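Here's the structure, in structure tokens; my notes come after.
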Amino acid sequence: MIRLSVNALLNFHPKAILAAIVLVMTLLGGAAWGALSLVDYVSTLDRAERGTRQAAAFLEGHADAVLDGGAAVLARVSERLEEGGLAALPDSALGEALAASRFGALSILDAEGRTVFGPSIHPDGGIASLFQGAGGGLELLHGQVDGLDSILMVRRILGRGGALEGAVLLALPSSSLHTVPDVFNDGRYSVAGLFRLDGTRLAGMGGAGIGRLPALEPGAESGERDWTIGGKGGGDGVVIGLKRMRDFPAVAAVALPRAVVLEPWSSRLQHGFTMVGVSVVALFGLAALGWASLRREAAARDALRDANARLEQRVEERTADLRSLNQRLVRALAEKERANQAKARFLSAANHDLRQPFQALRLFHHLLMERLKESRERSIAEKMGEALDSGEKLLHALLEVATLDAGVVRPNIAEVSIATVLDGVAAEFRGLAADKRLDLRVRACDAMVRTDATLLTRMLGDLLRNAIAYTPAGGVVVGCRRRGQWLRIEVWDTGPGIAAEHLDAIFEDFVQLGNPERDRRRGLGLGLPKVRRKAALLGHAVEVRSRPGQGSVFSVMVPLAASESRMDAAAPAPAGRAEDFAARLILIVEDDPVQSAGMQLLLESWGHDVLVAADGPAALATLRAAPRCPDVILSDFRLPGPLTGAETVTRAAEQEGRPIPGIILTGDTGPERIREAVAAGCRLLHKPVTPDVLRDALNALGAERVPVRQSQPSAA
């Protein structure tokens, strides 16, 4: 009965039934496609928002590293001037001002805006903008110094009565922040840079401002989809990521136009429209065929359903394969990350734990050498010293790698005469080349480059040391070639050369070609990795070309200076060792009894008075019982109990009511520990420390003596 009724209905209204089928299928397909497109639209914007926030956070970290050192020296200069006014500049603040010049162009202005020290700096809002606002806090402005865009760090000088006496400015070139924005600037970003809280741009690229910013707590992040440059509504808008700096009144911002963000989605949308159109045409074709024959239409629908089922099955199979492959890739990446972290932890722990016995050995070796008189016995002790030197070279190389990875090395970029750098490197290695009967030649070059002279010298020294070590006969040539706005510094050798498949591996840690026995006389395998790290820090490119059997060429690309000045900076005269100061009271805080005993014997042999404590609380108790404050606290960084060495020095100063000079001895080269020790303001020495280095560190602290503390009557 039901089958007969359906057949009768089909025979009675064939056009209506076919039209209804086409309409229903079109609506269902359109609704499904629309829902998927909407989900894809929201997901695309969410990914772009997360990406801009991550980029802004990365830019904020880079900006904080660049501005932190300048802010510290700016604070010291302004404090000196607030204590004695501008009249104290020649007496107390001039040295601080000159020392601050290595971070950027420093200028001091009086209350009328006249420059009393340093170059002329031109803020965008004029000199008057420097004296707007109240208080003496740090402000950031944008301006020009010698025609270069710069970030101006401003502190106003307030007199004792609170009257405005002037301002101190430190101008950092905006180009010092361009390394990170250049990475993000792939031709699509409209904004990538550092901005004031009112939206004015300080450095970077894009518009001159981003309008009124939302209220952000220091360190907070924000990402908004409908933002427009200028902060007004309308237009296509941008997806913007914001990260407010914790220590500075500025915000890092990275923005991406919505049109660019939605470009892949728009492409998928157009393809979807095409597929929908094709589907509709196919449906009408099927309807036309069904109009001719209902049976053939039914067969065609069955065939289409079978084809769709097979297609979905294939898609599911391919999706399952891709999912399995992605899971394997994720596991492989996680395993690699765990291996890298384990290696880093192993190197840091081994570096620290090995430095402790090396430090004790170095101290007792020094004392032993002072007591031995027989030449044969001294010869044995000298061999022992050579073995210690070999081990310390490896530890110092590991320390340099760990320091570069920690991010505490900040380059001092300036105009440098390349001739001075090459002459210094050649003088250092000419004797080593002569010992191997190699011809070392340096081609003269009078170019001026913008780089850190110390880091560039060390890079070229590592390359030259490698060239001499791996060249059995012939010679080594160092020369320069101009390439547009760059200077290419090349080190040629006539060594055995490097196979093409090994050119990338030689820059990895501890990789040495042709030295399977790990002969220490042929290096440690850390020279080229250190070159790669320093080049990345300076923004220089390192390249290598080699032909097996003919030799190799290592090159460093360094930017030329804006002005090709031929004036060479006068080399500072080598400073002799400071004379030893009179005997002082020194507190040793060390939990290792061997280390403590060796250090005590050494210091007492120099005529100093020594107090000993095993941890932070014991050191504070020892100070309370001592007749006077110690002149120096010499402490290990890692101590048992609640206090580290740096915290012990700080607590001791609070207890005594005066600052106490501190020297932190540590074998820990982990990035976090290095940053903590440097932030504590103590002099940092890495174990093992030679007695000469320790003596120089003590002498550098000065000869200030602390008066004897008056004993207080005890309570009844």
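Residues of the range 168-205 that are surrounded by fewer than 17 Cβ atoms within 10 Å (Cβ to Cβ), more than 30 Å from E79 (Cβ to Cβ) and at pLDDT 70 or above: M205 alone. Regarding the range 29-51, can at least one residue be identified that is closer than 20 Å to L242 by Cα and in contact with a Gly (Cβ under 6 Å, 6 or more places away or on another chain)? Checked the range 29-51: at least one residue is closer than 20 Å to L242 by Cα and in contact with a Gly (Cβ under 6 Å, 6 or more places away or on another chain). In this structure, does F103 turn out to be at pLDDT below 70, over 28 Å from P257 (Cα atoms) and aromatic (F, W, Y)? Criteria met by F103.
The number of residues in the range 581-617 being surrounded by 15 or more Cβ atoms within 10 Å (Cβ to Cβ), touching a strand residue (DSSP E or B) at 6+ places or on another chain (Cβ under 8 Å) and either of a type in the set (A, V, I, L, M, F, W, C) or part of a loop (DSSP other than H, G, I, E, B) (or both) comes to 18.
From A292, A253, A288, which residue is at pLDDT 80 or above, out of contact with any His (no Cβ under 8 Å at 6 or more places or on another chain) and of a type in the set (A, V, I, L, M)? Before the answer, list the steps.
Working: A292 fails: at pLDDT 80 or above; A288 fails: at pLDDT 80 or above.
On inspection, the qualifying residue turns out to be A253.
Taking the stated definitions as given, is R53 within 33 Å of the chain's Cα centre (by Cα), loosely packed, with under 15 Cβ neighbours inside 10 Å and at pLDDT 75 or above? I'd like the intermediate steps shown before the answer.
Values: within 33 Å of the chain's Cα centre (by Cα): yes; loosely packed, with under 15 Cβ neighbours inside 10 Å: no; at pLDDT 75 or above: yes.
No; evaluated as a whole, the condition is false for this residue.
Is it fair to say G549 is surrounded by 14 or more Cβ atoms within 10 Å (Cβ to Cβ), more than 25 Å from the chain's Cα centre (by Cα) and modelled with pLDDT of 65 or more?
On the way: surrounded by 14 or more Cβ atoms within 10 Å (Cβ to Cβ): no; more than 25 Å from the chain's Cα centre (by Cα): yes; modelled with pLDDT of 65 or more: yes.
When the stated conditions are applied, G549 does not pass them.
Being assigned to a helix (DSSP H, G or I), under 38 Å from the mean Cα position of the chain (by Cα) and modelled with pLDDT under 75 is a description that applies to R362.
Among residues of the range 244-262 that are over 24 Å from V66 (Cβ atoms), those with a Cβ under 8 angstrom from a residue that is aromatic (F, W, Y) and outside any strand (DSSP E or B), sequence gap 6+ or separate chain, pair up as L262/Y41. Output the residue which, of all residues in the range 127-167 that are under 34 Å from the mean Cα position of the chain (by Cα) and at positive phi, is surrounded by the most Cβ atoms within 10 Å (Cβ to Cβ). The selected residue is D146.
The set of residues in the range 623-646 being surrounded by 17 or more Cβ atoms within 10 Å (Cβ to Cβ) and assigned to a helix (DSSP H, G or I) consists of L623, G645, A646.
The values are calculated or read from the model by the stated rules, or taken from the named source; none is laboratory data. Note that the structure is predicted; figures quoted are calculated from it, not measured. Virtual Cβ from ideal backbone geometry, glycine too; neighbours counted across all protein chains shown.
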